[in-house]
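Here, each number is a calculation from the coordinates, and none is a lab measurement. This one's a predicted model, so the numbers in the text were calculated from it and none came from an experiment. Cβ coordinates were reconstructed from backbone atoms using ideal geometry, including for glycine residues, and neighbour counts include every protein chain displayed.
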Amino acid sequence: MLAARVACVLSLGLLSAAALAQTDPPPVPAEPATAQENAQPADQAPPSLVLVEGKRPGPGLWKVSKDGHVMWVVGMYAPLPPKMEWDDARVDRLIGQSQEVLGAPGAGIKVGVWGGLKALTALPSVFGMMKNPEGAKLRDVLPADVYARWSVLKDKYLSDNDSVESYRPFFAAQTLMQAGLKKSGLSGGIEVRQQIASIAKKRNVKLTYTDYSVELEDPARLIKDLKNSQMEDMSCFTKTLDRLEDDIDAARLRANAWANGNIAEISKLEYAEREDACNEAVFNSPAAQKHPAFQNMRERRLASWLKAVEKSLANNTSTVAMLTMSDILGPKSYLAALQAKGYTVENPK
């Protein structure tokens, strides 16, 4: 039963959103809107917020090279327009010419006989931590003004889900965010990852995962600590409300920007504040603080990825790698870390 639940968990994304420390890539003009996109019924969003449809190029590829070895980096992003079809022709060709495909970095844990858990943020959910201790409801644990804001958004996006009122703020926030994006016409954004994995399989090219895995010496103690402690999740919860109140239109603009390959537009928009706050809710919780394995996860995740990349660049003539846009464009850019190690990084043209 546990294995089945774990299989549904998504990889952990530790996001960062400031501008790239290196030279900004030149803007790529968006493709002109089709007649269908320009059509504007009175009860729909204004034209600038209509999600693009059909085959789209996505962003160009970053090129990392050293001593005649090259790695092509695909910038991943979520959420995306659900009716967009990503044009994977160039990536398909490059994978066919490569010896390895590297998955996007993540973090996970190993808990003895239970095997691997794909996402650290899933740990409380798997071990029955979604609900507030002692049967408390959200109105019992949230300030009155925050609960009032929550109630408005719940009625808008989760009107048919009363069980969420018993969730801890962290899980209520995740449930609300997923519902808000879905009702705003945005997809989960994993389709591009799946396409790349399918191409690697079709081309018979090795697919290597770059996740950092934590080995827990005493999982029973961690489970007990999680069940008996609160999460520091108020910032995560309030920033989720902020984003759904003010940022849905920006999310749609970013989704369109990725689809059209407009990297300059993506880099101008701030979008990691909520994700950072929600990740910190897990890592800074009293339970996590008691376990050294949870400390310095960002640094360990980066180190694991760099190790895999340097091995691939040394052994392969050509490699294709996946990275989230936030790991490419942030001040702690993974590509900037490679530059610091002497690799040449070229932005998409």
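Using the Cα atoms of the range 136-188, I'd like the radius of gyration and the largest Cα-Cα distance, Dmax, both in angstrom.
11.0, 33
For a Förster distance of 25 Å, can you work out the FRET efficiency between the beta-carbons of Asp67 and Thr208, rounded to the nearest 0.05?
After rounding to 0.05, the efficiency reads 0.75.
Say each of Asp249 and Gln97 gets a label point 7 Å from the Cα, pointing the same way as Cα to Cβ; how far apart are those two points in nm?
4.3
Can you pick out the pairs among Lys154/Lys182; Lys154/Lys268; Lys83/Lys182; Lys63/Lys83 whose Cα atoms lie more than 20 Å from each other?
Lys154/Lys268; Lys63/Lys83
Could you give each residue of the range 69-79 its phi-based ³J(HN,Hα) in whole Hz, using Karplus coefficients 6.51, -1.76, 1.60 with θ = phi - 60°, and x for Gly or Pro?
9, 9, 10, 9, 10, 9, x, 8, 8, 8, x
With Rg and the Kirkwood Rh both taken from Cα atoms, where does Rg over Rh land for the range 257-342?
Using only Cα positions, Rg/Rh for the range 257-342 is 1.03.
How many nm separate the modelled label positions at Arg90 and Ser166, each set 7 Å beyond the Cα in the direction of the Cβ?
The two pseudo-label positions are separated by 5.1 nm.
In terms of Cα to Cα distance under 19 Å, which lysines are near enough to Lys201, apart from those fewer than 8 places away along the same chain?
Once the sequence-local lysines are set aside, nothing remains near Lys201.
Just want the ordering: Trp72, Trp305, Trp86, from fewest to most Cβ atoms lying within 10 Å of their own Cβ.
Working: Trp72 21, Trp305 24, Trp86 18.
Ordered by Cβ neighbours within 10 Å, fewest first: Trp86, Trp72, Trp305.
Karplus couplings for the range 309-317 from phi (6.51 cos²θ - 1.76 cosθ + 1.60, θ = phi - 60°), rounded to Hz, Gly and Pro as x?
After applying 6.51 cos²θ - 1.76 cosθ + 1.60, I find 5, 5, 5, 5, 5, 6, 8, 10, 6 Hz.
According to a simple spin-label model (label point 7 Å from Cα along Cα-to-Cβ), what is the distance in nm between Asp145 and Lys341?
Simple spin-label model gives 4.7 nm for this pair.
Name the long-range amide H neighbours of Ala321: under 5 Å, sequence gap of 5 or more, or other chain; modelled H, no Pro or chain starts.
Amide H neighbours of Ala321, under 5 Å, 5+ apart: Trp72, Val73, Val74, Leu102.
Quick one: 3J(HN,Hα) in Hz for the range 137-146, Karplus 6.51/-1.76/1.60 with θ = phi - 60°, rounded, Gly and Pro as x.
Each residue of the range 137-146 in turn: 9, 4, 5, 7, 10, 9, x, 4, 5, 5 Hz.
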